[in-house]
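The values are calculated or read from the model by the stated rules, or taken from the named source; none is laboratory data. Every value quoted in this text rests on a predicted model; they were computed, and no experiment measured them. Here the Cβ is made from the backbone with ideal geometry for all residues, glycine too, and neighbour counts use every protein chain on show. Surface accessibility is based on the protein's heavy atoms, side chains included, excluding ligands, DNA and RNA. Shrake-Rupley method; radii C 1.70, N 1.55, O 1.52, S 1.80 Å.
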Amino acid sequence: MAAELTKVESEDDASSKRLKERQQASSQSYSTRYWHPPSKTSAANRRLSSFCRLVFMRAFAISRSLASLTGVFSLRIPVASKLSAHSRSFYNKSNPRVELSEFFSRVQWPTTKAEETELVKGVRTAIWEGQRGDKRERTERQAEVKRRKIENGEEIKLPIYATEFPKEEIANEERRPKKKVAVLLGYSGTGYYGMQLNESQKTIEGDLFAAFVAAGAVSKANAADPKKSSFVRCARTDKGVHAAGNVVSLKMIVEDPDIVQKINDNLSPQIRVWGYELTTGGFSCYQLCDSRVYEYLMPSHCLLPPHPSTYISKKIVEFGEKKGDLDAVKARQEDVAGYWDEVDEKYIKPILESVSEDIRQVVEKSLYLDEEREEAPDKEEESSAAPEKTEEEPSTEKKPFVMDPRQRQILDTIKAIKTAYTTARRAYRVPPSRVARLQEALDRYVGTKNFHNYTIQKTHTDPSAKRYIKSFNVDPTPIVINGTEWLSLKVHGQSFMMHQIRKMVAMATLVVRSGCTADRIDDTYGPHRIAIPKAPGLGLLLERPIFDTYNQKAEGLGRQPVVFDRFTKEMNEFKQREIYDRIFREEEESGAFSSFFNHIDHFPGEYFLYVTSGGVEAAQIASVSAEKESTKTEANDKTGKSQKEVLAEVESGSEDEVVPPGGEEGN
């Protein structure tokens, strides 16, 4: 054993020089990456480390031997695969959404209690939430199609970002020198499937790499594989997320003085390359990025409280009374007290008074549905409502559907009510006290915290779930664009996990609009697993990455710093034209923010009750710790749905996405 230890120590001494050089090139070890200060290592600790290394090498050799016998390289089952397996086991279609068009095609007007209940639910869904497709079914269909193609041995297509050249043309291409560079760019993420390369979807990196090839910045020999050019991004952004400043690093041909203009000529106006800087050979924009600054824009009406008729609003009152905390909740909501009562009196009441009695009864039940007074339809009525089977052969002729005047009046009333609520939200102007409450909530994120609840595939015990936030501030002066008031939130952090920023924004906003204490955010850092939805990606943009450590070293090596300062004018013009104006326009057309919070307010389950006075214990899955969740199925609430399905249902504009290894960097 002593001889083996001596051998290992000698190997450590021999590689210490290489390790030191690697650390200098990287400038960030794992510990500094997550803002943990390096510790001094004693001689005893070094000997212990060597011994542990020897034990690990032996264990690894044994596992390799077992692998050769069993055909399995690793005996460890990833936690992520266990977690993803549980969500399927609880999938069911209880409480399906009612499609009004389908209902009207078979029922002209309700004649039974069951039909009336179905119509009320359909109208309620249309007013508050709108219709949504089933993302899970769509994803499974796509996976099935792909599996069949592989099984049938169909030809494998090149990724859409790859450019294929004939072998003769590649062989005859003149070899030109390449330089390691940092390319500075900005983009609007609308219409793109995110930043990350995707073999079958349009992405920012895909269009950018194809433009490099078309402009001659990447050789034809490397045109089909970005890895050959050491192509690396600084920050990954999700579908629809924008960036005023981002960086990719690669080995690029830079002989042409007009190379930047040629690259931009091959890009859409939504993507602009600002310029590039020559870097050291070992530069990696991902590894050497010290921190990142993001901005999030959202309408101020997101801070309005839930409508009193909603499920979450009733639960806030219920738990407030139960915990003796209702007066404190009302005190935190004093600046918006009675807001929805005034809106209903001013906007909604005139609409309801203008329609006939039977229409008004249906719509009123939809707007102010009281679960306790809602009577379940009798089984006899349900059975009587079912059409009787006849022995006559069904007619093959399909009769054209003609909408009943009352059906048309219901749809017109729904449209008028939704327009009225939209008008009321856009007219809202947030008071300074409400903005101050939002800032109080955002301050709870500052420092090193365990953000396992703000991402995916992370448990409370995972050390990589701890991230350092340097600042998170809301501009106290809102701006009004096209009649809607907007708030600007900026967060500066060392690194972020997938969806982290959007979940942080959603949680802080939920705390304010629910009259919850800001202490609830501190509770999210504990071991309990809670369902925090991610806010719409529409309002998020990466402002810039920061490379302070590298820039200090670059100055001594005669290299230019990687900064965006000399492109400020172009970036501001681009940000206003392609990002800000697009965000404002898309929200006006889609109403993504109001739809997002409406889904949460009306969701009839316990997943989001942590914003009540009941705390995290009020949420159904709060009793299952994050550690147990990796080996135990997620608890279900009254809806019979798993946490993953609930979040997919309420998240506005929920997108299919490719999860990066470890769930890193993507907002």
Meets criteria (in contact (Cβ under 8 Å) with a residue 60 or more places away in the chain and over 18 Å from the mean Cα position of the chain (by Cα)) for Arg529: no
Selected residue (criterion: nearest to the chain's Cα centre (by Cα)) from residues of segment 115-140 that are of a type in the set (D, E, K, R) and at pLDDT 70 or above: Glu140
Output for segment 218-231, where each listed residue is assigned to a loop (DSSP other than H, G, I, E, B) and in contact with a helix residue (DSSP H, G or I) (Cβ under 6 Å, 6 or more places away or on another chain): Val218, Ala223
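Filtering segment 472-491 down to residues that are part of a strand (DSSP E or B) and open to solvent by 40 Å² or more (accessible area, probe 1.4 Å), which residue is nearest to Phe547 (Cα to Cα)?
Per the stated criteria, the residue is Lys490.
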Residue among Lys202, Lys179 that alone is open to solvent by 90 Å² or more (accessible area, probe 1.4 Å) and under 21 Å from the mean Cα position of the chain (by Cα): Lys202
Checking Thr423 against (1) more than 17 Å from Phe597 (Cα to Cα); (2) outside any strand (DSSP E or B); (3) not basic (Lys, Arg), the condition it does not meet: (1)
For Lys466: the one exception among (1) in the same structural domain as Glu645 (by the TED database); (2) at pLDDT below 95; (3) more than 30 Å from Gln333 (Cα to Cα); (4) open to solvent by 60 Å² or more (accessible area, probe 1.4 Å): (2)
Entirely in segment 505-601, the helices (runs of 4 or more DSSP H) that have 2 or more residues that are under 27 Å from Asn482 (Cβ atoms) and open to solvent by 20 Å² or more (accessible area, probe 1.4 Å): 568-574, 581-590
Cβ-Cβ under 8 Å pairs, at least 6 apart or on other chains, segment 562-581 side basic (Lys, Arg), far side outside any helix (DSSP H, G or I): Arg566/Gly275; Lys575/Gly186; Lys575/Ala244; Lys575/Leu541
Residue within segment 395-414 that is farther than 30 Å from Glu115 by Cα and in contact with a Phe, Trp or Tyr (Cβ under 6 Å, 6 or more places away or on another chain) present: no
Which listed residue, of Ala221, Ala235, is touching a Lys or Arg at 6+ places or on another chain (Cβ under 6 Å) and at pLDDT below 95: Ala235
Ser300, sole failed condition from (1) in contact with a Lys or Arg (Cβ under 8 Å, 6 or more places away or on another chain); (2) at positive phi: (2)
